[in-house]
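The values are calculated or read from the model by the stated rules, or taken from the named source; none is laboratory data. These numbers were taken from a predicted model, which means no experiment stands behind them. Cβ placement follows ideal geometry from the backbone for every residue including glycine, while neighbour counts extend to all protein chains displayed.
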Amino acid sequence: MRFDVLTLFPDIFHAVMKESIIGRAQEKNIIEINAINIRDFSKDKHKKVDDYPYGGGGGMVMTPQPIYDAYLSIVKDLPHKPKVIYLSPQGKVLNQKKVVELSKEKHLILLCGHYEGVDERIIEEIVDEEISIGDYVLTGGEIPAMVLIDSVSRLVPDVLPSEDAYKNESHYNGLLEYPQYTRPYEFMGRKVPDILLSGHHAKIEEWRKEQSLKRTLEKRPDLLKKRD
Ligand SMILES: CC(C)(C)c1cccc(C(=O)NCC2(NC(=O)c3cccc4nocc34)CCCCC2)c1
């Protein structure tokens, strides 16, 4: 799967995306992540990529020409126009269902906003879908783009080591995780639940399922309604 990220801050991606499972998946050529610097496509002699908003008001808006030319540089030689996602507060909030849907794509272009956002005509011209990662104020769309890349990449075949493949939603079946324990047996006077040392795997599985349900009911009852 190929991700092309249109951003003003490509270095952020180089740093984060070479680590962990995404880094390994890139080495195995299962995942390709290209961070394209929108500024490289500015025709302005000072490489400007933003300008004052029509109608006045504070802040700057990302100008359409550099973004459009950066986009063209990706799609000009492609037989099919890849899906373009604008990470934006206006988007539908990302969930695992959407992540599964996106993991079926072969190639995604992710557009990251900065300042007060991008000129509306870019959204009209090239964006297929707006996706948000949640309702809080952020500085840019780069971290949301990384959230999308991480969550989608996990579902691409062979990205997760086979022994970890269970770590996807199918394993949790939409529930929160049960409590986890490891050594030592006693820590700050707190012991590990005896069931986990019983070696009775059926009972342990039962206990874990019970804990997941209990915890989800307590902390995220909304997740229970979503399960099919
Ligand atoms: C009502 C609400 C949501 C609090 C809100 C309302 C108005 C503005 C913002 C906001 O944060 N504007 C700044 C901006 N944010 C984002 O890009 C962004 C934010 C949140 C989730 C995201 N997922 O993808 C991208 C996301 C980055 C700079 C370019 C303009 C967009 C937020």
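Annotations
- Where helices (runs of 4 or more DSSP H) fall entirely within the stretch 31-150, those with at least 1 residues that are more than 30 Å from Gly174 (Cα to Cα) are at 64-75, 120-126.
- Residues of the stretch 95-121 that are near the ligand (Cβ under 8 Å from one of its atoms) and either of a type outside the set (A, V, I, L, M) or within 17 Å of Asp150 (Cβ to Cβ) (or both): Cys112, Gly113, His114, Tyr115, Glu116, Gly117.
- Residues (at pLDDT 85 or above and either surrounded by 21 or more Cβ atoms within 10 Å (Cβ to Cβ) or in contact with a His (Cβ under 8 Å, 6 or more places away or on another chain) (or both)) located in the stretch 10-35: Phe13, Ala25, Ile31, Ile33, Ala35
- None of Glu124, Glu101, Glu177 is out of contact with any Asp or Glu (no Cβ under 8 Å at 6 or more places or on another chain), surrounded by fewer than 14 Cβ atoms within 10 Å (Cβ to Cβ), among the charged types (D, E, K, R) and more than 26 Å from Arg2 (Cβ to Cβ) except Glu177.
- Some residue of the stretch 183-201 being more than 16 Å from the ligand (Cβ to nearest atom), over 23 Å from the mean Cα position of the chain (by Cα), of a type in the set (Lys, Arg) and part of a loop (DSSP other than H, G, I, E, B): yes
- For the stretch 43-56, the count of residues that are closer than 19 Å to Gly141 by Cβ, more than 14 Å from the ligand (Cβ to nearest atom) and crowded, with 18+ Cβ neighbours inside 10 Å is zero.
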